[in-house]
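Have a look at the structure below before the remarks.
The values are calculated or read from the model by the stated rules, or taken from the named source; none is laboratory data. All values derive from a computational prediction rather than experimental measurement. Cβ atoms come from the backbone with ideal geometry, glycine included; neighbour counts cover every protein chain shown. Heavy atoms of the whole protein, side chains included, go into the accessibility calculation; ligands, DNA and RNA do not. Shrake-Rupley method; radii C 1.70, N 1.55, O 1.52, S 1.80 Å.
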Amino acid sequence: MAREDAVIVNALVRQALVAAQEVMGENGLNAVLRSSGLERFVGNFPPEDLNPSIQASQYARFNAAIEEFYGRGGRGMLKRIGKASFEYAVREQATLLGVAGVALKLLPERQRIKFILNQMVAALKKTNAQVDAWVDDSGERVAYLESTCAICQGRTSETPVCHLYVGSIGEAVRWAAGRAHEIIETHCLAKGDPYCRFEIGEAKDA
Ligand SMILES: [Zn+2]
């Protein structure tokens, strides 16, 4: 069943492009923009607002193009871009993300993690009411799910492909918990699953 091609707003595209440029450099980003039909953004990032910018399928092509451009290193690049995206969101979009002035230190770790994941869901829904994302707290491990994931819109793969999302969630969890946790994409729409599901695994530090 084909999913409806959702719209991604300027602020989120800007976030992704700033992050990608930080990680890949201007030349790398421009090459990928040209190869994914997004040349209009070369030297011309969208403004920080909630107006419609691109289709989800174009965003998915941009992700696929980064993987192709870097080959075996593509996955790591996408994770780093995801990490930089979350850092950008905290720095430039703290109000949208609902983290301005928030202090989590006194909360247990699981609650801190749930807090930031719920903020990510809420922020995404603010940019597009059709977004279907949620946090599953019923299992031993907390999980973040989205059935409208833009990263894999229109893509098919035998393995999960939403590495940029893994990077963003990983940085969000590190920001909230104060230490890194393993993030595992257990389900992916590109594999034919009904949603992309990211499980928050073990803490990475000793
Ligand atoms: Zn996905």
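Every residue, every condition in (1) open to solvent by less than 70 Å² (accessible area, probe 1.4 Å); (2) without any contact (Cβ under 8 Å) to a residue 60 or more places away in the chain, yes or no:
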site: R80; (1), (2): no, no
site: Y88; (1), (2): yes, no
site: T95; (1), (2): no, yes
site: E109; (1), (2): yes, no
site: K114; (1), (2): yes, yes
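Assess whether N128 counts as being among the polar types (S, T, N, Q), modelled with pLDDT under 95 and over 24 Å from M77 (Cβ atoms). The answer is yes for N128. The set of residues in segment 161-206 that are open to solvent by 20 Å² or more (accessible area, probe 1.4 Å) and of a type in the set (S, T, N, Q) contains only T186. In this structure, is S138 polar (S, T, N, Q), modelled with pLDDT of 95 or more and within 11 Å of the ligand (Cβ to nearest atom)? When the stated conditions are applied, S138 does not pass them.
Could you tell me which of the residues R3, R14 is among the basic types (K, R), open to solvent by 40 Å² or more (accessible area, probe 1.4 Å) and at pLDDT 95 or above?
Values: R3 fails: at pLDDT 95 or above.
Exactly one residue qualifies, and that residue is R14.
Number of residues in segment 17-40 that are surrounded by fewer than 20 Cβ atoms within 10 Å (Cβ to Cβ), without any contact (Cβ under 8 Å) to a residue 40 or more places away in the chain and in a helix (DSSP H, G or I): the value is 10.
In the list G154, G101, which residue meets the criterion of being at positive phi, within 12 Å of the ligand (Cβ to nearest atom) and in a loop (DSSP other than H, G, I, E, B)? Lay out the reasoning, then the answer.
Working: G101 fails: within 12 Å of the ligand (Cβ to nearest atom).
One residue alone meets the criteria, G154.
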